[in-house]
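Asks: Sharing a structure here in structure tokens format.
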There are 2 protein chains.
Amino acid sequence: MSKPLILVTNDDGISAKGIRSLCEIAQMFGEVVLIAPDSPQSGMGHAITIHEPIRLNEDDLFEGIKSYSCSGTPVDCVKIGIYEVMKRKPDLVVSGINHGSNAATNVLYSGTMSAAVEGAMEGISSVGFSLESYDSDANFEISKKVVEQVIKAMLNNEFAKNICLNVNIPNVSESDFKGIKIARQGHAFWEDRFEKRNDQFNKPYYWLAGDFLKMDAEEGTDLYWLEKGYASIVPTKYDLTAFEMIDELNNWKL
Amino acid sequence: MSKPLILVTNDDGISAKGIRSLCEIAQMFGEVVLIAPDSPQSGMGHAITIHEPIRLNEDDLFEGIKSYSCSGTPVDCVKIGIYEVMKRKPDLVVSGINHGSNAATNVLYSGTMSAAVEGAMEGISSVGFSLESYDSDANFEISKKVVEQVIKAMLNNEFAKNICLNVNIPNVSESDFKGIKIARQGHAFWEDRFEKRNDQFNKPYYWLAGDFLKMDAEEGTDLYWLEKGYASIVPTKYDLTAFEMIDELNNWKL
């Protein structure tokens, strides 16, 4: 096998510490091309930019890596990487390391994971990594070891191209880190609040806040293993069909 | 049962023709509260606004309906509707009618469908409607009949709260419309191109274009039924776990 071509992206933006750690490890496995948002794009989900143009600027933040900052979303970064910058499909799409967990239902809001899902939709082995810490100066040492193990396993194993991996890493010390577990997506949701304030013209504005409620942290879920000090890997697909409901719906009078 | 409380939203924005048609029908079933983006938000997927404030303005576009335009995404509209405007969960979240198909993999990019998915995540019966026409003056007469049938069936049947419905309607004449079919999500993807041009300062910009490739329009998929003149209903879930891969991944050396 020739040296793998690896597209690296994230949603925290090109200057985040997490993507620097990810590049460090990805470089050990192949030729890295980095294309990341020029500003934070957390919570962008699977958004794409269709009503306005996208800017792409070559960057020299990372020695030995062709890198670009992009005005678009994480999914835009994957698309422009494949279709404009590389002009061919990379062997691997690697996204993160996200500052903050993308376990459970967070996968739907996460730009980091949507970039990996987009890679899978293009038939590319893809993975998103997230550390359970929002700290911009978080410690990524354990994460880097997990990234190394997972990328190695992805290159050594065939797996269905229509899935990607959602890897979450607990924010624990080296001695409390227990290992890696395959998991299912736990159910949790944000009980939202909106902070309502008035601006300088006395007009109201709202700002999203909320509490993360873990509804299903039962054994086998990513939430369960993370709490126990394990990194979790959830195989993640983009076919959202609830097959188990098709028979029931066929009984509806329509 | 008391009169259902129905939250109506979309991604084409509050002034789109499609949401007007949707409100017309929703009003027949209960008390409607309309909260929709103040500008087009197509392709926003499951994006939420976390880095900036959201504006919400009361509107009087629709007679007899409490309506609000919102500066946020479709998912923001659902959240602010539940947690700020209504202060309680509605009985139904109804999104659309989208100008353009959200069949197959489009469900992931669609703000219209993400609003319905967000409703499901909140445990609310939710549905997104889309017409296979991008025309801003599209004919929604058949769509309105489909909307009526589907909302009636949703109110008359119990179904699992962790799914929503993705309803797509073909853009055909009344005589060519065949009925409604329950379907699975077809596989298709956008083979993207980026139009590269130079701006007035001779700096390049890129604009996303592309062709929609139908990879799997086999019998049973939404793509299949739409081509035959049927509206399709795909039960859609937000648990993205690829359960069929868990055993295989457990064999990986990690």
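The values are calculated or read from the model by the stated rules, or taken from the named source; none is laboratory data. Computed from a predicted model, the values in this text were never measured in an experiment. Cβ sites come from the backbone with ideal geometry, for glycine too, and all protein chains shown count toward neighbours.
Asks: What are the residues in segment B:122-137 that are modelled with pLDDT of 95 or more and either out of contact with any strand residue (DSSP E or B) (no Cβ under 8 Å at 6 or more places or on another chain) or in a helix (DSSP H, G or I) (or both), if any?
Replies: B:137, the sole residue that qualifies.
Asks: Moving on. Which residue pairs have Cβ atoms closer than 7 Å, lie 6 or more positions apart in sequence or on different chains, and pair a first residue in segment A:213-238 that is crowded, with 19+ Cβ neighbours inside 10 Å with a second residue that is of a type in the set (Phe, Trp, Tyr)?
Replies: Close Cβ pairs satisfying both conditions: A:232/A:225.
Asks: Residue by residue through segment A:128-144, note down the ones that are of a type outside the set (Gly, Ala, Ser) and surrounded by 24 or more Cβ atoms within 10 Å (Cβ to Cβ).
Replies: Looking only at segment A:128-144, we keep the residues that are of a type outside the set (Gly, Ala, Ser), and these are A:129, A:131-132, A:134-135, A:137, A:139-142, A:144.
If the condition is that a residue be of a type outside the set (Gly, Ala, Ser) and surrounded by 24 or more Cβ atoms within 10 Å (Cβ to Cβ), then A:129, A:131, A:140 are the ones that fit.
Asks: From B:188, B:153, grab the single residue that is in contact (Cβ under 8 Å) with a residue 60 or more places away in the chain and in contact with a Leu (Cβ under 7 Å, 6 or more places away or on another chain).
Replies: Details: B:153 fails: in contact (Cβ under 8 Å) with a residue 60 or more places away in the chain.
That would be B:188, the only listed residue that is in contact (Cβ under 8 Å) with a residue 60 or more places away in the chain and in contact with a Leu (Cβ under 7 Å, 6 or more places away or on another chain).
Asks: Which of the residues that make up segment B:215-247 are among the polar types (S, T, N, Q), closer than 9 Å to residue B:183 by Cβ and facing chain A (nearest Cβ under 10 Å)? Let's see the steps before the verdict.
Replies: Of all residues in segment B:215-247, those among the polar types (S, T, N, Q) come to B:221, B:232, B:236, B:241.
Still in the list and also closer than 9 Å to residue B:183 by Cβ: B:221, B:232.
Correct list: B:221 only.
Asks: Going by what's in this entry, would residue B:148 be described as among the acidic types (Asp, Glu), more than 9 Å from chain A (Cβ to nearest Cβ), closer than 23 Å to residue B:6 by Cα and surrounded by 15 or more Cβ atoms within 10 Å (Cβ to Cβ)?
Replies: Numbers: among the acidic types (Asp, Glu): yes; more than 9 Å from chain A (Cβ to nearest Cβ): yes; closer than 23 Å to residue B:6 by Cα: yes; surrounded by 15 or more Cβ atoms within 10 Å (Cβ to Cβ): yes.
So residue B:148 passes the test.
Asks: Look at segment B:77-99 and say how many of its residues are in contact with a helix residue (DSSP H, G or I) (Cβ under 8 Å, 6 or more places away or on another chain), within 12 Å of another protein chain (Cβ to nearest Cβ) and crowded, with 21+ Cβ neighbours inside 10 Å.
Replies: Qualifying residue count, segment B:77-99: 3.
Asks: Within segment A:27-36, identify whether any single residue is buried (at least 24 other Cβ atoms within 10 Å of the Cβ) and either in a helix (DSSP H, G or I) or at the interface with chain B (Cβ under 9 Å from one of its Cβ atoms) (or both), and answer yes or no. Show your work before the answer.
Replies: Going residue by residue through segment A:27-36, those that are buried (at least 24 other Cβ atoms within 10 Å of the Cβ) are A:32, A:34-36.
Next cut, either in a helix (DSSP H, G or I) or at the interface with chain B (Cβ under 9 Å from one of its Cβ atoms) (or both) only: none.
Checking segment A:27-36: not a single residue is buried (at least 24 other Cβ atoms within 10 Å of the Cβ) and either in a helix (DSSP H, G or I) or at the interface with chain B (Cβ under 9 Å from one of its Cβ atoms) (or both).
Asks: Of all residues in segment B:74-101, which are farther than 23 Å from residue A:47 by Cα and among the hydrophobic types (A, V, I, L, M, F, W, C)?
Replies: Hits for segment B:74-101 are B:85, B:86, B:92.
Asks: Oh, and also: When segment B:62-76 is examined, which residues are found to be touching a Leu at 6+ places or on another chain (Cβ under 8 Å) and either within 10 Å of chain A (Cβ to nearest Cβ) or outside any strand (DSSP E or B) (or both)?
Replies: Narrowing segment B:62-76 to residues touching a Leu at 6+ places or on another chain (Cβ under 8 Å): B:62, B:65-71, B:76.
Residues satisfying the conditions are B:62, B:65, B:70, B:71, B:76.
Asks: For segment A:119-145, which positions are more than 14 Å from the chain's Cα centre (by Cα), within 11 Å of another protein chain (Cβ to nearest Cβ) and in contact (Cβ under 8 Å) with a residue 60 or more places away in the chain?
Replies: A:121
Asks: Could you please find all residues in segment B:48-61 being without any contact (Cβ under 8 Å) to a residue 40 or more places away in the chain, in a loop (DSSP other than H, G, I, E, B) and more than 7 Å from chain A (Cβ to nearest Cβ)?
Replies: First pass over segment B:48-61, keeping only residues without any contact (Cβ under 8 Å) to a residue 40 or more places away in the chain: B:48-58, B:60.
Next, from what is left, pick out any that are in a loop (DSSP other than H, G, I, E, B): B:48-53, B:55, B:60.
Within segment B:48-61, B:52, B:60 qualify.
Asks: Report, by residue number, each residue of segment B:81-113 that is over 13 Å from the mean Cα position of the chain (by Cα) and assigned to a strand (DSSP E or B). Steps first, please.
Replies: Taking segment B:81-113 as the starting set, the residues that turn out to be over 13 Å from the mean Cα position of the chain (by Cα) are B:81-92.
Matches in segment B:81-113: B:92 only.
Asks: Same structure, new question: Among the residues of segment B:205-254, what is the count of those that are assigned to a helix (DSSP H, G or I) and not β-branched (Val, Ile, Thr)? Explain how you work it out, then say what you get.
Replies: Residues of segment B:205-254 assigned to a helix (DSSP H, G or I): B:222-227, B:243-250.
Narrowing the set further to residues that are not β-branched (Val, Ile, Thr) leaves B:222-227, B:243-245, B:247-250.
Residues flagged as assigned to a helix (DSSP H, G or I) and not β-branched (Val, Ile, Thr) within segment B:205-254 amount to 13.
Asks: Further, regarding this structure: Among A:166, A:171, which is the only one that is assigned to a strand (DSSP E or B) and within 30 Å of residue A:4 (Cβ to Cβ)? Don't jump to the end; show me each part of the working.
Replies: Numbers: A:171 fails: assigned to a strand (DSSP E or B).
When all the criteria are applied, what remains is A:166.
Asks: For segment B:200-207, check the following and say yes or no: at least one residue is surrounded by 20 or more Cβ atoms within 10 Å (Cβ to Cβ), more than 16 Å from the chain's Cα centre (by Cα) and not hydroxyl-bearing (Ser, Thr, Tyr).
Replies: Initial filter on segment B:200-207 (surrounded by 20 or more Cβ atoms within 10 Å (Cβ to Cβ)): B:206.
From what's left, more than 16 Å from the chain's Cα centre (by Cα): B:206.
Of the ones still in play, those that are also not hydroxyl-bearing (Ser, Thr, Tyr) are none.
No.
Asks: Exactly one condition in (1) assigned to a helix (DSSP H, G or I); (2) crowded, with 24+ Cβ neighbours inside 10 Å is false for residue A:45; which is it?
Replies: Failing condition for residue A:45: (1).
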